[in-house]
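Enquirer: This is the structure, below, for whatever I ask next.
The values are calculated or read from the model by the stated rules, or taken from the named source; none is laboratory data. In this text the structure is predicted, and so the values were computed from the model without any measurement. Cβ sites come from the backbone with ideal geometry, for glycine too, and all protein chains shown count toward neighbours.
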Amino acid sequence: MYGTGNNLLLSVNADIESKIALAGVRALGLVDVHINRPLWKLLDCNDVSITDMSQYYQKLHDDSISNLVQDSSPMFDENYQMFENYPPEKDLFGFFALHAVEENNEELDVLTTQALELILASILSVIKRQLVDHLTGGKHSDPNEDLMLISQSVPKTNQSNESNFGQLDRIKRFKPNATTAHIEGMVLYVNNKTSDWLDTQCNEADIMQKDANECWTELVRCLQQKVPGVKKEPMEIGASSSQGLVDQYLSGEFDVSMKCEEAEEEVATHSTEKFYQLSCFIEKEVKYMHTGLRSRLEEHITKNSPTLGRDAVYKKSSKLKRIPAYLAIQFVRFYYKEKEAINAKILKDVKFPISLDVYDLCSEKLKEQLAPMRDRFKEQEDKKAEELQKAKVSGKTDEKKEIKLKQEPYSFPDDVGSNNSGYYELQAVLTHKGRSSSSGHYVAWVRRKGDDWYMYDDDNVSPVTAEDVLRLSGGGMYDNIL
């Protein structure tokens, strides 16, 4: 009945006495092998765009699931292929569904067939309801060439990586009384809303835009789709020109490793995650922005361990693999206050610098790449100090006179829009007056040149200094940096 040495399946089978339960598990495994996994392979394929998916959804509706609801016997064949060029892919669950049964067990086959019919009928109903725009007659069923062209860079699925779920877990632990449904709804809203989402909100559209970070996320997403990237002339071999301006100048990448702390024998996994802003979580021990950024890079999450066959604690370590020319940082000041049913604000004072160095947050490889330009920065600073010393000795000091230094490129030659030093200068700050995200007032503080800044309070514009900006670190109800 089983392959030799598979103690996990043997123990599971020993616990299942009901053939109805066994048939249900088997049916789910068959659906996973023949439908779920091939479909995910399609979604992950770089050669298949979002507009190409309509034909596959139509095939699922017409040729595959509709027929399988009437006769599911083809799914018992491990060679059955729903999508051409995308054969079924089996894991332990799929192997169990196809092979972990007695031969000629008619009763189990009948029960599995009945379970399959129920599951497939439900899937067909979901396809008709959720994918109506992609089926025949739908607005995306027959895309024109222009739509196909501009949709090449649109992701086929919602881009929720493990970072989202790590933040979800952190928020849940930070505010345990908040309902799971509310927190999950916030995550889904931020990640899943479409470009015409606000247009459907009628009178509530202006209210929905009051959260600055949600507005920023939507602006970045829209610009990402519409604004083309900068091309190098002449084009160098290996230089990227297919990316848009947002991906070039505002996006970075994490080098992420995941290690199970309950199974030393399990090999750590490595992946790359893209980001468009860094988050500074304001916890009890966080007094400086840099501390909040570092806490994001070392965290523990709970996920399924293939080695242990159960949920286990993993240590997730992230290092900056690519840093953009412009780095957006969000201070996570809002949390859900269940009693008042509002997103209340954390007023804690968290200091932030005018000049930021992210070198210690970078991967070892990126540190090596940053080293040459950092050495040049040091040389220029030494030269500047030397010139000031000479002027002081000669008695010709002029504090307003700027010492001209050699201009250096800020990006790597083969990576347009990157940062090649790890140094950043603060260019703008957004602050919030008020106690919750649904009320209050936003004010922008923008750097003009040097230590000269402007405060933009609606149509009132006032000159301010860098010292004024540094006082926006929090501690009171007014002007808290976000």
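Enquirer: Show the residue pairs meeting these rules: Cβ distance below 7 Å; 6+ apart or different chains; first residue within the stretch 36-55 and under 18 Å from Val132 (Cβ atoms) and assigned by TED's automatic domain parsing to the domain that holds Ser141; second residue among the aliphatic types (A, V, I, L, M) and modelled with pLDDT under 80.
Expert: Ile50/Val154; Thr51/Leu147; Thr51/Met148
Enquirer: Quick one: how many residues across the stretch 393-423 are farther than 16 Å from Val230 by Cβ and at pLDDT 75 or above? Lay out the reasoning, then the answer.
Expert: Looking only at the stretch 393-423, we keep the residues that are farther than 16 Å from Val230 by Cβ, and these are 393-408, 421-423.
Among the residues that remain, those that are also at pLDDT 75 or above are: 393, 408, 421-423.
Result for the stretch 393-423: 5.
Enquirer: Can you give me the number of residues within the stretch 243-268 that are under 18 Å from the mean Cα position of the chain (by Cα) and modelled with pLDDT of 90 or more? Spell out how you get there, then give the answer.
Expert: Taking the stretch 243-268 as the starting set, the residues that turn out to be under 18 Å from the mean Cα position of the chain (by Cα) are 243-244, 246-258.
Subset that is modelled with pLDDT of 90 or more: 246-258.
So the answer is 13.
Enquirer: Name the residues in the stretch 283-310 that are within 29 Å of Gln248 (Cα to Cα) and surrounded by 14 or more Cβ atoms within 10 Å (Cβ to Cβ), would you? Please lay out each step first, then the result.
Expert: Filtering the stretch 283-310 down to residues within 29 Å of Gln248 (Cα to Cα) leaves 288-299.
Within the stretch 283-310, Tyr288, Met289, His290, Thr291, Gly292, Leu293, Arg294, Ser295, Arg296, Leu297, Glu299 meet the criteria.
Enquirer: Just the residues that are surrounded by 19 or more Cβ atoms within 10 Å (Cβ to Cβ), modelled with pLDDT of 80 or more and not in a helix (DSSP H, G or I), please, taken from the stretch 332-377.
Expert: Answer for the stretch 332-377, where residues must be surrounded by 19 or more Cβ atoms within 10 Å (Cβ to Cβ), modelled with pLDDT of 80 or more and not in a helix (DSSP H, G or I): Val332, Val350, Phe352, Val358, Cys362.
Enquirer: The conditions are (1) assigned to a helix (DSSP H, G or I); (2) closer than 19 Å to Ile119 by Cβ, and Glu78 fails exactly one of them. Which is it?
Expert: With (1) assigned to a helix (DSSP H, G or I); (2) closer than 19 Å to Ile119 by Cβ applied to Glu78, the lone miss is (1).
Enquirer: Quick check: is even one residue across the stretch 97-107 modelled with pLDDT of 75 or more and part of a helix (DSSP H, G or I)? I'd like the intermediate steps shown before the answer.
Expert: So the first thing to find is which residues in the stretch 97-107 are modelled with pLDDT of 75 or more, and the list is 106-107.
Then keep just the ones that are part of a helix (DSSP H, G or I); that gives 106-107.
Yes - at least one qualifying residue is present in the stretch 97-107.
Enquirer: Another question about this same structure. Given the criteria on the phi < 0 side of the Ramachandran plot and at pLDDT 90 or above, does Arg322 qualify? Don't jump to the end; show me each part of the working.
Expert: Details: on the phi < 0 side of the Ramachandran plot: yes; at pLDDT 90 or above: yes.
Yes, satisfied.
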